[in-house]
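A.B. asks: Please find one structure pasted underneath; my questions will follow.
Nothing in this text is a laboratory measurement; each read-out follows from the coordinates by a stated rule. Since we're looking at a predicted model, the values are computed, not measured. Every residue, glycine as well, gets a Cβ built from its backbone with ideal geometry; the counts of neighbours run over all protein chains shown.
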Amino acid sequence: MKQTNTYSNYVPCLYLPYLKGSNKLILFFHGNAEDLGISYEMLDHLRTALKINVMGIEYPGYGVYEDPEGPSEEKIFQDADLVYSFVQDMTLLKQKDIILLGRSLGSGPSTHLASKYEPGGLILMSPYTSMKAVATSKVGWLSVLLAQQFDNLTKMEQVYCPTFIVHGQKDALIPIEQAQQLNDACAGPTFMLSPPNMTHNDFDFYEDLIRPLMKFLVQSNILQSLDDSDEEDSEDEALEETHDDYAKSEIVKTKHQKSMSQLDLTINKGYDCLDQLSRTQRLQMEANQVRFSEEFFIPPRMK
C-alpha cells in the first residue's frame, strides 16, 4: 500500500529496557516544551524506580522527528496507534502489561489510546480537558477561534482501565480543576493526587510521583504485589537505587548503553523496513547535544 501522507516514514522512539527483566512496559508521551532527549533522564529514573521497561514516543516536528508542517492531533494520534500496535505485534505483550503515561501535552495521545484499547493502566501528569479549555483559561473569549482538539474530557468517558492522575495545586498553566474534571469523567477506577507545592514543571520526583505511583500500581494489580512485610523495604530499596542513579546521572547517561542486536533480531522478522538512525541523524543529535542511548529505534509506518 502506497503511503499517502507527506511526513516522515518513521516514528522515533526511545526504548529503555529494565536490564534485570520485566514483563511490563510504560509508553511515555512527553510535554510540549520537551523532546526525547530532554525526557531521557526522567525515563531512565522511571525505569530504575519502577523496575520496568520504558519507551518514549516522539511527536512530528520535535527533536529528530523532522516534519516541516509540524505536529497535529491527527498525526500524533496516528503515530500513537502505530506504536501501540507495533509493540503488541513485536513483543507479544498483552494489553494489560502496557501502561500509558502522558505528561501535559502527552495526556492527549495517552488518553486517546486508553479510550480506544484496553491497556493495563493510564497515568496522567498535569493533564488538560482539551486544548481549547487551556486556551480559555488563558485568553478567555479568544478561545472560540480554536478547534476542540485533544478532547480528553470526552475520551475519558471511554477509559475503563485503572487511572492515576497527579496535578499540582500551584500549576499556573493548566488549572487543577481540569484534572478533577477528568478524574470525575473517567469510566474506570481512578486515584488523583494534588501535591500542594507542585507546579506545571517543578515537582518532587519521588514524593509527588514515584511513591504514590508505586502504591497505585501494586494496589491496582498492575505490578506484582509485594508481601506486606517487604513492601516498604522494597519501595525504599527502589527509591534508594534511583536516588543513587540520579546523583550519578552523568555516569548513567554514558553507561546505560546496550547493543541493539537482540532487539533487531526480534523486530526485523516482521518489519523489513525497520532501520536504526542514520549516521547523519546521529551526528545531528550530537551537534544539538541531545542525549540518546544505543537503544534508540524507529518503528516504520504502515505502507
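A.B. asks: Using θ = phi - 60° and the Karplus relation 6.51 cos²θ - 1.76 cosθ + 1.60, list the HN-Hα couplings for the stretch 96-108 in order, rounded to whole Hz, with x at every Gly or Pro.
C.D. replies: Residue by residue, the stretch 96-108 yields 5, 9, 9, 10, 9, 10, x, 10, 6, 3, x, 5, x Hz.
A.B. asks: Going by average Cβ neighbours within 10 Å, how do the peptides 10-16, 172-178, 115-121 rank, with the highest at the top?
C.D. replies: Working: 10-16: 22.0, 172-178: 16.6, 115-121: 18.9.
Most protected by this proxy first, the peptides run 10-16, 115-121, 172-178.
A.B. asks: Follow-up. Sequence-distant or interchain residues sharing an amide H contact under 5 Å with Lys24, placed H: which?
C.D. replies: Here the answer is Asn53, since their amide H atoms fall under 5 Å of that of Lys24.
A.B. asks: Residues of the stretch 55-89 with backbone nitrogen within less than 17 Å of a virtual label 7 Å along the Cα-to-Cβ line of Tyr117, please, listed as ranges.
C.D. replies: Answer for this model: 55-59, 75-89.
A.B. asks: To continue, here is another question. Using the Karplus curve 6.51 cos²θ - 1.76 cosθ + 1.60 with θ = phi - 60°, what ³J(HN,Hα) values do you get for each residue of the stretch 178-184, in whole Hz, with x for Gly and Pro?
C.D. replies: With the stated coefficients, the stretch 178-184 comes to 5, 5, 5, 5, 5, 4, 5 Hz.
A.B. asks: Could I ask something else about it? Given 0.36 nm per residue, what is the gain on full extension from Leu173 to Gln219 after removing their alpha carbon distance, in nm?
C.D. replies: Result for the pair: 13.5 nm of gain on full extension.
A.B. asks: For a test of the definition: using alpha carbon positions, the gyration tensor, and the 1.5 limit on a/c, classify the stretch 1-93 as rounded, prolate or oblate.
C.D. replies: Verdict is oblate for the stretch 1-93.
A.B. asks: Follow-up. Mind ranking 186-194, 51-59, 34-42, 102-110 by how tightly packed they are, going by the mean number of other C-beta atoms within 10 angstrom, highest first?
C.D. replies: 102-110, 51-59, 34-42, 186-194
A.B. asks: Sticking with this structure for a sec: Taking amide H positions as placed in the peptide plane 1.01 Å from N, state which residues far from Gly168 in sequence (5 or more) or on other chains have amide H under 5 Å from it.
C.D. replies: Hits under the 5 Å cutoff: Ser126.
A.B. asks: Whole-Hz Karplus ³J(HN,Hα) for the stretch 19-27, in order, using 6.51 cos²θ - 1.76 cosθ + 1.60 and θ = phi - 60°, x for Gly and Pro?
C.D. replies: 5, 8, x, 7, 9, 10, 9, 9, 9
A.B. asks: With a cut-off of 8 Å between alpha carbons and a minimum separation of six or more residues, what is the relative contact order of the stretch 1-130 in percent?
C.D. replies: It comes to 27 percent, rounded to a whole number.
A.B. asks: What are the residues whose amide H is under 5 Å from the amide H of Ile123, where those residues sit 5 or more places off or on another chain and H is modelled from the backbone?
C.D. replies: Distant-sequence amide H within range of Ile123: Leu100, Leu101, Gly102, Phe164.
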